[in-house]
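A short worksheet on the structure shown next.
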Amino acid sequence: MGKVNYSSEEDEKLWEAFRRGSEEVFSKIYKQHFPSLFNYGIKLCEDEDLVKDNLQELFLTIWKNRQNLGDAYSIRFYLLKSFKRKLLRALKNHKRSLTNRIDENHYNFYFEFSVEAKEMDLERSQEQFLLLKNGINTLTSRQKEAIYLKFYNGLDYGEIAEIMSINIQSTRSLVYEGIKGLKNIFKKK
Amino acid sequence: MNLQKYKTEDFLEDKSFIDYVLFNSTEEGDLWDNFQANYPEKIKEFETAKSILLGLKSKEREFSENDLEELLVDLKGRQSASKSIQISSTNQNGWFGIQKIAASIVFILLAGVSYWYFSLPVEQIQETTIAIIEKINPKGQNSTIKLKDGSVVRLNAESILRIPEQFKSDLREVELIGEAFFEVAKDSSRPFIIKTGNIKTKVLGTSFNIKSYPEDENVKIAVVTGKVMVGNLDSLETGEEVLLIPNQMATYHKSTRLFEKGSFNPDDVIAWKKGVIYFHEAGFEEIKEVLERWYGVEFRVKKQVDFGQGFTGRFEKESLETVLKGLSYAADFDFSIEKDIVLIK
């Protein structure tokens, strides 16, 4: 898992070199972003093969069209956005699709609570741990997605808004409301 | 950045802090490692933000340098192989290896199930000649029903199960109003079908829970073991079906006529079997209905109760009063109980 911070300057240089046809830079971009794109994709559809295939196709496509691509001040954002659009379209056409209605406003975001009690601060009571677990599992799909994009991919609110096809204000409140609920759990003590 | 003024939210906006907690980043690690000593007055906010982030820790798949090299090789292979990219079935070593094989086996099984599902005749002609037995549970009572094929149905309160006196030779069909937990006996020559309103659930041997009270906004089908196919009769032609495997739950929204697939905690969804009331993001209306059903009471609401984002919690073999006390804590209301009437004020 990579870090969240990437300087846009570095991104611009990499993107430029990639567009000029550097295979080495392509590999670098690929290795840097494949894991997080894959992990994001898995939360949208849980089908590893489908995610992998679409991700490989995406990278093939950008490699083939590298000369026609626009500027990218954030490669991660550019890739996440393209990948989501592609994956949702694939899901929609997927014959084995389990739920039928899938478009930019209808899809699930699978994000399970995975932390163990022992990883948490030992001073926290078991009760708070359970409340937190419960609280996280009760976040809505949209809240989970916004929070995930923020914390795991370091996107800013404008970028998240664009990826989720909602406005910035809604994005802020998705994150804010989600966190507020969790914060309250720790207030009581 | 003034750490003295940091609130919990500010920590959660700080990328360096996020990196530190989620990715064990060492940049500025010292700052955060020594935070407690340097800013003792901010410990509470710091710890809360940290707990929230840790709580949000996701099971991320890790890719080693080697994995990524193999993926790149795979990518280059695709580039030269053909223009149209097929879903790969050749590359079975490396990458996801065994998981890939497992996934395809599952798919074949699923494909079989879905073919069989749609090749079934929708209507059975002799139906009218078979007597139907009705099992009815009033409020506050649940029961266990053994069917002739060996299947067992645990029927919840205020629910009705309609069973033919004799199952057909090629089909076991029952009708449910309300909620029940099914343990279906395996019989591959006779699929088991549960009709709930305009939803049909088809199974081989399996156990799962269906919640479909007429007044509920949605129908919930939760699978514990085996596989289940759920379809909407209205939209059979559009192929609106959902396949469920263990620990998955389909929620059918009556208003939009759409299925949503998600996961569930088996202990919670089928809690009622063990005398546990479980609420998940429940609004007051839902809570009211559940309690009326469970305790055989009626609510009179004088003051509207708002649970905000919904109430989540469980009550195990508790009295109605204890449950209401717990709830009044969460949503700030007063209540009194007189015989069968609960007054909310």
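Things worth noting here:
- Derived scalar couplings between HN and Hα for the range A:48-53 equal 4, 5, 5, 5, 4, 4 Hz in order, rounded to whole Hz, by the Karplus curve 6.51 cos²θ - 1.76 cosθ + 1.60 (θ = phi - 60°), x for Gly and Pro.
- The range B:275-344: antiparallel DSSP beta bridges as a percent of all, rounded to 5: 70 percent
- Among the GluC sites (Glu not before Pro) in the range B:153-211, those located in a DSSP loop and surrounded by at most 13 other Cβ atoms within 10 Å of their own Cβ are B:E165.
- Residue-averaged beta-carbon neighbours from other chains (10 angstrom radius) around B:44-52: 6
- Where only C-alpha atoms are counted, convex hull volume of the range B:3-55 per residue in Å³: 63 Å³
- Highest average packing first - A:32-39, B:3-10, B:281-288, Cβ atoms within 10 Å: A:32-39, B:281-288, B:3-10
All of the numbers you see were taken from the coordinates with simple rules; none came from a lab. What you see is a predicted model; the values in this text were computed from it and never measured. Counting neighbours? That spans all protein chains shown, and the Cβs are built from the backbone with ideal geometry, glycine included.
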